[in-house]
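*Asks:* Before we start, here is the structure in question, set down as C-alpha cells.
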Amino acid sequence: MARILLAEPDRRIRQFFAGILADCGHAVEACSSAAEATTSLAARRVDIVITDMVLDPDPAIDLGLKCAHLGIPTVTLSGGKFRPQQSAAERPPALVEKPFRFGDLQTVLKVVAGEAETV
C-alpha cells in the first residue's frame with residue numbers, strides 16, 4: 001500500500017495509529033514532532049504524511065505546506081484543537097477529526113493518494 005510518515009506528539013496515540021496503519025498494509029515511519037518529520041522527509045521518500053493538528057515546535061499547517069511544496073499529500077488529524085473560525089488558509093485540505101473510524105481514515109488515504117474518488 002502506501003509509505004506513510006506519521007507525525008503525532010502523543011506516544012501512545014502514535015504507537016496505536018502506527019500499528020493499525022501497519023496492520024492495514026502500510027509501511028509506517030512514526031515521529032513525534034515537526035522537526036523529526038522534516039528530517040525524515042529529507043532522508044526518505046513517502047507517499048503520504050499524516051500529522052496531528054498540534055505539533056511542536058511548528059504547527060501542522062507549516063508541515064503541510066512543506067509537504068505540498070514537495071508534492072506529498074498530507075492528512076491532518078484533529079483532536080479538537082481546530083477552531084471553526086480559522087481562515088481557509090489555516091484549515092488543512094484533508095482534515096480528519098478524532099475520534100474516527102479507521103475505515104474512514106483508509107478512505108481518506110486512498111483519496112489523497114489518488115486511488116479513489118473524493119469522499
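Readers should treat all values here as calculations from the given coordinates under stated rules, not as data from a laboratory. Bear in mind that the values here come from a model prediction, so they are computed numbers and not experimental data. Every residue, glycine among them, receives a Cβ derived from its backbone with ideal geometry; neighbour counts consider all protein chains shown.
*Asks:* Cut-off is 10 Å between beta-carbons; in what order do 14, 44 appear when sorted fewest neighbours first? Kindly include the intermediate steps, with their values, before the conclusion.
*Replies:* On the way: 14 18, 44 9.
Least crowded to most crowded, the residues run 44, 14.
*Asks:* Another one. Tell me, what HN-Hα J-couplings in whole Hz come from the Karplus equation 6.51 cos²θ - 1.76 cosθ + 1.60 at θ = phi - 60° for each residue of the stretch 43-53, using x for Gly and Pro?
*Replies:* Computed from phi, the couplings for the stretch 43-53 are 8, 8, 8, 10, 8, 8, 10, 10, 10, 6, 4 Hz.
*Asks:* How high is the relative contact order of the stretch 1-74? Use alpha-carbon pairs under 8 Å, at least six apart in sequence, and give a whole percent. Display every interim value, and only then the final one.
*Replies:* Numbers: 122 pairs, mean separation 26.2, N = 74.
Answer for the stretch 1-74 is 35 percent.
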